[in-house]
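The values are calculated or read from the model by the stated rules, or taken from the named source; none is laboratory data. Just so we're clear, the structure is a prediction, and the values are computed from it rather than from any experiment. Positions of Cβ are backbone-derived with ideal geometry, glycine not excepted, and every protein chain shown enters the neighbour counts.
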């Protein structure tokens, strides 16, 4: 049994303590925008925000999340994809297959929330999510665009 | 496993005709087709209300246009490009276009009116561009005829723009939505009689239109097969014998009895076991706790070292065949003023699609359905039919947006077969979603084949290349997947990019004495097409060795190549384009070095320059310029996206990509030991598209093969030493 605040809504879920938050979000709560890619916190497809910090939910046991923690998934990031990162992603046509992009957007939006004008170096450090289609060049450009739009 | 799952399962045309008794054909107005909104909507056939002008095009009363697509979308932009081609000829309003994938069962039921659904070999656009453009033009003609009939004027007096038809003389005007119903009842013209636009006059195609599928990829609403939800659905986790060719000996089901959510342990086939549970995480947890004994078989004796020795023997063995054999290579080499010789190697690689293998199957006594990420929905359908035992016309395959493909999800529908066999052992009508763990995905791929190459060149006293011999020894994809493609024991496919024949993947150099040879050396490891396939390895062998030859000749890398390319103007033009944009011959910042390469694949010509520096023995790629002649450029921005992605794909392989074999199994099993390029290592990529409008080449694959050699040649320039073995992570470069 766990109580989770996801995208501002409280969910009580029947689940074993060790279950990764990723699978609770996907299977018990039913939000499938957060993706499984590796299960070992290497690829970042499962990235969500917990109290504003980007976290890899595939290695976050549900028991480590408190009822008052605010979890935000891609579905709850903004109304109508209005986060500057999402708007810049659209402008640059970043996604190819799109599978990793929920995680990329969660990582990039967390970066921008803390760092209004990230340098290339800051982007290098923050954006360690894997994209197998190789959209990195556009991800970098879109983060810069979003930073300018926000400024 | 080996004999069961590895055959391509393309449906033959005959099989379709025989089993398409239910076909409707013709111009059925308002025919229902599913949207890819949700699994449920797809299965129940949410209506696309509107008039079907022809099988590709449905127009609704509000002027919105639904363009149906038979090819798969896995990120490569094919849905957008095909829609642009149809819309261009249709002359509709691009802002009102949506796309709708067809299903394999619909294609079957209508006698394959949508043609081939297979999406591999960079063929998605180039091998359907003619009939989709013709269908757009034919539909435009029917819509205009309908308006002409209504106004009782000659159709030749009408004009059309953006889906609005006008008769200037009578001041009449109407829109596609208003005449669509009438148009759909008109006889369809013979497609061959339809005149197509000159691509130089394109207004929608040829332009950098935004992708049609971006919006749902921004907020998590895009459904992938791994997200499928059906009422009463169960989830399955799977383990296959870790050693290829091994068998399942036994498992102890009692040990996991009572674990949360577990419904059933299923023996899938003689090498595979699955646990079915209410959720996938519970299925996987129980599977990990299940004691399993494997009979590993002979494959367990194999290792990276034994495989390397096997391939090395092939470099000098007598059983190779030659494709090109011009002049007398051995004699010319023996008498050369200067000899250059080198042995190169490239390892097994995994596709590692971000979405692991998955499929959801629902079976009843008379119906089989699969929701699947597939590059070939007809192969999925055929696999479903075979594994379920139901005839094709009782089967349906709903293709989902793929979370990456790269060649992994084409003819080899192993995961569909497994999901079907699991569903067979569940109560009828129970949907089951099979998801492979990343570990399963990486250790049970159809890998990029391993190979080595012996390269020998003879230079004359002036440093001209007089003889070149290329001996490739390595595993054959065709031997594993399509043995019938090997004619007279000669498997040309492994020499892709070095072929004699023009048009697809021809070698770009003329050498007086030239011989290309292949010695097939197979292993027990399954292999398959990996984005770019054999152009990647052969591109490294040829283009890195050309660098060695140029340096031995004391000549500039570009000039040395140019001298051999007079008979290959398209190869040469692309090389020149890359060299120009890449500032070949111009000064570089201190410590930065440049490399160049060119190669051909998938009907397209590619070349690259790379700018590289070495810091503490580590390679940093700063900038790459890629030039591509793909004949026609349907969407320049998406071509650039494919080129950028190809650089990332190629650099992952160059820097990190390697799978080792130990005791018959693949060692690397997740992204911590099979690293993928990250953003920080991505160079600035500049794409130069130089279409010549006289052929249709591929886009998704052809530029990968020049990435590694351009970088390796830049490293050679930096260190003075050639790099002959990949990946770079294993090499000490200072």
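Tabulated data
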| item | result |
| --- | --- |
| Any hit, the stretch B:222-232, residues being part of a strand (DSSP E or B) and away from chain A (no Cβ under 14 Å) | no |
| The stretch B:354-369: number of residues that are away from chain A (no Cβ under 14 Å) and in a strand (DSSP E or B) | 8 |
| Output for the stretch B:233-259, where each listed residue is under 24 Å from residue B:372 (Cα atoms), within 14 Å of chain A (Cβ to nearest Cβ) and not in a strand (DSSP E or B) | B:233 |
| Enumeration of residues in the stretch B:491-502 that are assigned to a loop (DSSP other than H, G, I, E, B) and within 19 Å of the chain's Cα centre (by Cα) | B:496, B:497 |
| Of all residues making up the stretch B:59-81, the number that are free of Cβ contacts under 8 Å to residues at least 40 places away in the same chain and either out of contact with any helix residue (DSSP H, G or I) (no Cβ under 7 Å at 6 or more places or on another chain) or within 12 Å of another protein chain (Cβ to nearest Cβ) (or both) | 1 |
| Residue among A:24, A:29 that is crowded, with 22+ Cβ neighbours inside 10 Å and more than 7 Å from chain B (Cβ to nearest Cβ) | A:24 |
| Every residue from the stretch B:625-660 that is more than 24 Å from residue B:569 (Cβ to Cβ), within 14 Å of another protein chain (Cβ to nearest Cβ) and over 20 Å from the mean Cα position of the chain (by Cα) | B:655, B:656 |
| So residue A:78, is it over 21 Å from residue A:137 (Cα atoms) and at the interface with chain B (Cβ under 9 Å from one of its Cβ atoms) | yes |
| Any helices (runs of 4 or more DSSP H) falling wholly within the stretch B:260-353 and containing at least 3 residues that are farther than 22 Å from residue B:474 by Cα | B:280-289, B:329-334 |
| Residue match in the stretch A:110-117 (condition: more than 7 Å from every other protein chain (Cβ to nearest Cβ), crowded, with 24+ Cβ neighbours inside 10 Å and either within 15 Å of the chain's Cα centre (by Cα) or closer than 29 Å to residue B:209 by Cα (or both)) | no |
| Of residues in the stretch A:86-104 being part of a helix (DSSP H, G or I) and more than 7 Å from every other protein chain (Cβ to nearest Cβ), the one surrounded by the fewest Cβ atoms within 10 Å (Cβ to Cβ) | A:91 |
| Checking residue A:143 against (1) free of Cβ contacts under 8 Å to residues at least 40 places away in the same chain; (2) within 10 Å of chain B (Cβ to nearest Cβ), the condition it does not meet | (1) |
| Count - residues of the stretch B:668-708 that are assigned to a loop (DSSP other than H, G, I, E, B) and either under 20 Å from residue B:75 (Cα atoms) or in contact (Cβ under 8 Å) with a residue 40 or more places away in the chain (or both) | 25 |
| Of all residues making up the stretch A:65-75, the number that are within 12 Å of chain B (Cβ to nearest Cβ) and touching a residue at least 60 places away in the same chain (Cβ under 8 Å) | 3 |
| The one condition in (1) more than 9 Å from chain B (Cβ to nearest Cβ); (2) outside any helix (DSSP H, G or I); (3) crowded, with 24+ Cβ neighbours inside 10 Å that residue A:54 fails to fulfil | (3) |
| Test: residue in the stretch B:186-203 that is touching a helix residue (DSSP H, G or I) at 6+ places or on another chain (Cβ under 7 Å), surrounded by fewer than 22 Cβ atoms within 10 Å (Cβ to Cβ) and on the phi > 0 side of the Ramachandran plot | no |
| Single match in B:320, B:283, B:274, B:309 (criterion: assigned by TED's automatic domain parsing to the domain that holds residue B:539 and touching a strand residue (DSSP E or B) at 6+ places or on another chain (Cβ under 8 Å)) | B:320 |
| Residue list for the stretch B:586-632, filter: in contact with a helix residue (DSSP H, G or I) (Cβ under 6 Å, 6 or more places away or on another chain) and not in a strand (DSSP E or B) | B:632 |
| Count of residues meeting criterion [within 13 Å of another protein chain (Cβ to nearest Cβ) and modelled with pLDDT under 95] in the stretch B:192-221 | 0 |
| Test: residue in the stretch B:538-552 that is farther than 23 Å from residue B:694 by Cα, part of a loop (DSSP other than H, G, I, E, B) and at pLDDT 95 or above | no |
| The lone exception for residue A:124 - which of (1) more than 10 Å from the chain's Cα centre (by Cα); (2) outside any loop (DSSP other than H, G, I, E, B); (3) within 8 Å of another protein chain (Cβ to nearest Cβ); (4) surrounded by 24 or more Cβ atoms within 10 Å (Cβ to Cβ) it fails | (4) |
| Qualifying positions in the stretch B:661-686 - over 15 Å from residue B:349 (Cα atoms), more than 10 Å from chain A (Cβ to nearest Cβ) and surrounded by 19 or more Cβ atoms within 10 Å (Cβ to Cβ) | B:664 |
| Any chance residue B:732 is farther than 28 Å from residue A:108 by Cα and surrounded by fewer than 23 Cβ atoms within 10 Å (Cβ to Cβ) | yes |
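Residue by residue, here is whether (1) outside the structural domain of residue B:114 (by TED's automatic domain parsing); (2) surrounded by fewer than 18 Cβ atoms within 10 Å (Cβ to Cβ); (3) over 20 Å from residue B:65 (Cβ atoms) holds:
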position: B:135; (1), (2), (3): no, no, no
position: B:140; (1), (2), (3): no, no, no
position: B:144; (1), (2), (3): no, no, no
position: B:153; (1), (2), (3): no, yes, yes
position: B:159; (1), (2), (3): no, yes, no
position: B:165; (1), (2), (3): no, no, no
